[in-house]
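The values are calculated or read from the model by the stated rules, or taken from the named source; none is laboratory data. Keep in mind the model is a prediction, meaning the values are calculated, not measured. Note: ideal-geometry Cβ built from the backbone for every residue, glycine included; neighbour counts use all protein chains shown.
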Amino acid sequence: MVSRQTKIVATIGPACESVSAMSELLAAGVDVFRLNLSHGDIDGHLERLERVRTASALTGVEVAVLADLPGPKIRVGTFPDGGVEMVPGESIALVESNRGSSDTEICVDVDGLFSGLSKGDQVVLGDGNIMLEVDSVTGGPVSAKVINGGRIQGSPGVHVPSERLSASTPTAEDLVFAEKMATAGVEFIAVSFVRRADDVEQVRQVVGNRAQLIAKIETNSALADLVHIIEASDGVMVARGDLGIDCPLEEVPHLQKMIIRECVERGVPVITATQMLESMISAAVPTRAEASDVANAVFDGTDAVMLSGETAVGKHPVVVVETMSRIAERAERQASYRGWADRLGRHQRGDWTSVEDRITAALGHAASQAARDIGATAILCCTKSGRTARAMARFRPEATLIGLSPDEQVVRSLRLSWGVDPLTVDLYDSTDEMVWYAVEKAVDEGRVQHGDTVLVLAGSPGGTSGAAADVLRVVQVA
């Protein structure tokens, strides 16, 4: 059993899409596999999903799958073969046209994309290396000046300030992909380019309760509606790549801390993503700055850290996961989680709207305090929906946190939540049975030893999946 509490999300790609490669990554410590639907076709991703399930069965390691929707992807007209050089200080026209781009004009086949810009707006090409600034919008093509130059080729994406973008989110393609992925049984679907809570709700109408929804925070607009977006979502991703384009770069570390804090306070799992160990796409060891980045995300309280190109196309996918796991585990020994629990106990008193949420949160705080006072080895959360375990995880308890559910998809989904070690159990008729067999399962699986003192959180077995956890038992394991 891995002692690391922070979870690892790894992106599947050409470097790790075989069953054997996935099995090695599971052994290295992957908790969630990500399918990036921006690349490849939907049938290929459905095949990868099947291979994930095969690898999980072969290794005996439960793993969740996150399908990441593309969102609105706008690309410029193709540059000539060999690309062109963008020279800082030179002017370039921004044209709404379906023709190819050149060293004198950037073309997009999207009405209103450039004509809605204002002087001073920044336009970014590709991954952010090429940056333009609008200097004239008076009649004819929009004129911009090259701020950061370099060679650019192919048909790169183009990014304009989110408040200027008229493209709808989610796209029609997103909704089709969401339906197919939910039907195929993924645990999570990430909604790209979220700007308001309603964007998440549109996907919810298609998906229902078949998958949990992760809102990607990558725009200024999302920050303005952050609390409502978190409340509408089952999880959040701090998508630092696009966030660092839409917002000033120096703001990103502070935004990361703020988003994580808001999510933890509400019991919503949060993923920190983008360029965490980027140099390991080619190198066998990370930079010292990257190691510090992963550790600081742990100090911030993130539930999970994510790998993108590092595992999808990198040379050393297994080494990357092992490296991230070591960095996170070491950082956890330094993190001050006890202060989190104390502060959350005060915060929750006036911030929960439903009675069920207030009861579950209060019992979670009581369990956190009781576990500390009596030196409990573990806290067992019996849950149908995973809600009780997630509510308990927000207190970042020192005791081992075990989530037990009769729903296998819920068990897999708990692999995303900080510190939760999920197990599958049967459905029982009474609370006494539930408590008894939960402890027995934890002992059988080696999570709890005879002589240990454990706490068990549970609700009525006859309740709905949204019912409150209203029972807290202290059990001395015989």
Legend entry - Counted residues, segment 1-18 - those being part of a strand (DSSP E or B) and among the small types (Gly, Ala, Ser): 1
Inset, instruction - Could you please find all residues in segment 169-191 being under 16 Å from Asp225 (Cβ atoms) and either at pLDDT below 95 or not aliphatic (A, V, I, L, M) (or both)? - result: Thr169, Pro170
Inset, instruction - Select from segment 129-147 the residues that are surrounded by fewer than 16 Cβ atoms within 10 Å (Cβ to Cβ) and closer than 26 Å to Ser192 by Cα and write down the one among them that is nearest to the chain's Cα centre (by Cα). - result: Asn129
Inset, instruction - Of all residues in segment 382-396, count the ones that are closer than 14 Å to Asp234 by Cα and among the polar types (S, T, N, Q). - result: 2
Inset, instruction - Those residues that are assigned to a loop (DSSP other than H, G, I, E, B) and either under 36 Å from the mean Cα position of the chain (by Cα) or aliphatic (A, V, I, L, M) (or both), I need them from segment 66-81; list them, please. - result: Leu69, Pro70, Gly71, Pro72, Lys73, Ile74, Val76, Gly77, Thr78, Phe79
Legend entry - Residue identified as outside the structural domain of Val227 (by TED's automatic domain parsing) and free of Cβ contacts under 8 Å to residues at least 24 places away in the same chain among Gly375, Gly403: Gly403
Inset, instruction - Search segment 387-397 for residues being assigned to a loop (DSSP other than H, G, I, E, B) and surrounded by 24 or more Cβ atoms within 10 Å (Cβ to Cβ), and hand back the single one that is farthest from the chain's Cα centre (by Cα). - result: Pro397
Legend entry - Yes/no for Thr302 being buried (at least 24 other Cβ atoms within 10 Å of the Cβ), touching a helix residue (DSSP H, G or I) at 6+ places or on another chain (Cβ under 9 Å) and either free of Cβ contacts under 8 Å to residues at least 40 places away in the same chain or assigned to a loop (DSSP other than H, G, I, E, B) (or both): yes
Inset, instruction - All but one of (1) surrounded by 23 or more Cβ atoms within 10 Å (Cβ to Cβ); (2) at pLDDT below 95 hold for Asn220, so report the exception by its number. - result: (1)
Inset, instruction - Determine if segment 260-277 includes at least one residue that is touching a Ser or Thr at 6+ places or on another chain (Cβ under 7 Å), within 18 Å of Asp127 (Cα to Cα) and without any contact (Cβ under 8 Å) to a residue 12 or more places away in the chain. - result: no
Inset, instruction - Return a yes/no flag: does segment 258-273 have any residue that is in a helix (DSSP H, G or I), over 30 Å from Gln334 (Cα atoms) and out of contact with any Cys (no Cβ under 7 Å at 6 or more places or on another chain). - result: no
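This table checks each residue for (1) surrounded by fewer than 20 Cβ atoms within 10 Å (Cβ to Cβ); (2) in the same structural domain as Glu187 (by TED's automatic domain parsing); (3) at positive phi; (4) of a type in the set (S, T, N, Q).
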{"site": "Arg412", "(1), (2), (3), (4)": "no, no, no, no"}
{"site": "Leu416", "(1), (2), (3), (4)": "no, no, no, no"}
{"site": "Thr424", "(1), (2), (3), (4)": "yes, no, no, yes"}
{"site": "Tyr437", "(1), (2), (3), (4)": "yes, no, no, no"}
{"site": "Glu440", "(1), (2), (3), (4)": "yes, no, no, no"}
{"site": "Asp444", "(1), (2), (3), (4)": "yes, no, no, no"}
Inset, instruction - Examine segment 13-31 for a residue that is surrounded by fewer than 20 Cβ atoms within 10 Å (Cβ to Cβ), in contact with a strand residue (DSSP E or B) (Cβ under 8 Å, 6 or more places away or on another chain) and hydroxyl-bearing (Ser, Thr, Tyr), and state whether such a residue exists. - result: no
Inset, instruction - Determine whether Arg266 is surrounded by fewer than 17 Cβ atoms within 10 Å (Cβ to Cβ), of a type in the set (D, E, K, R), in the same structural domain as Leu25 (by TED's automatic domain parsing) and at pLDDT below 95. - result: no
Legend entry - Criterion: touching an Asp or Glu at 6+ places or on another chain (Cβ under 9 Å) and buried (at least 18 other Cβ atoms within 10 Å of the Cβ) - qualifying residue of Val160, Val87: Val160
Inset, instruction - Restrict the check to segment 398-409 and report whether at least one residue is within 23 Å of Glu332 (Cβ to Cβ), among the hydroxyl-bearing types (Ser, Thr, Tyr) and part of a helix (DSSP H, G or I). - result: no
Inset, instruction - Taking only segment 360-386 into account, find how many residues are surrounded by fewer than 23 Cβ atoms within 10 Å (Cβ to Cβ) and either part of a strand (DSSP E or B) or within 23 Å of the chain's Cα centre (by Cα) (or both). - result: 2
Legend entry - Meets criteria (without any contact (Cβ under 8 Å) to a residue 60 or more places away in the chain, outside the structural domain of Thr388 (by TED's automatic domain parsing) and surrounded by fewer than 19 Cβ atoms within 10 Å (Cβ to Cβ)) for Leu243: no
Inset, instruction - Could you tell me whether Asp234 is in contact (Cβ under 8 Å) with a residue 12 or more places away in the chain, over 22 Å from Arg415 (Cβ atoms) and touching a Phe, Trp or Tyr at 6+ places or on another chain (Cβ under 8 Å)? - result: no
Legend entry - Set Glu17, Glu62, Glu50: member being assigned by TED's automatic domain parsing to the domain that holds Pro269 and closer than 18 Å to Ser308 by Cα: Glu17
Legend entry - Within segment 321-359, tally of residues that are small (Gly, Ala, Ser), surrounded by 14 or more Cβ atoms within 10 Å (Cβ to Cβ), in a helix (DSSP H, G or I) and at pLDDT below 90: 2
Inset, instruction - Restricting attention to segment 19-49, report how many residues are in a loop (DSSP other than H, G, I, E, B) and over 21 Å from Ser325 (Cβ atoms). - result: 5
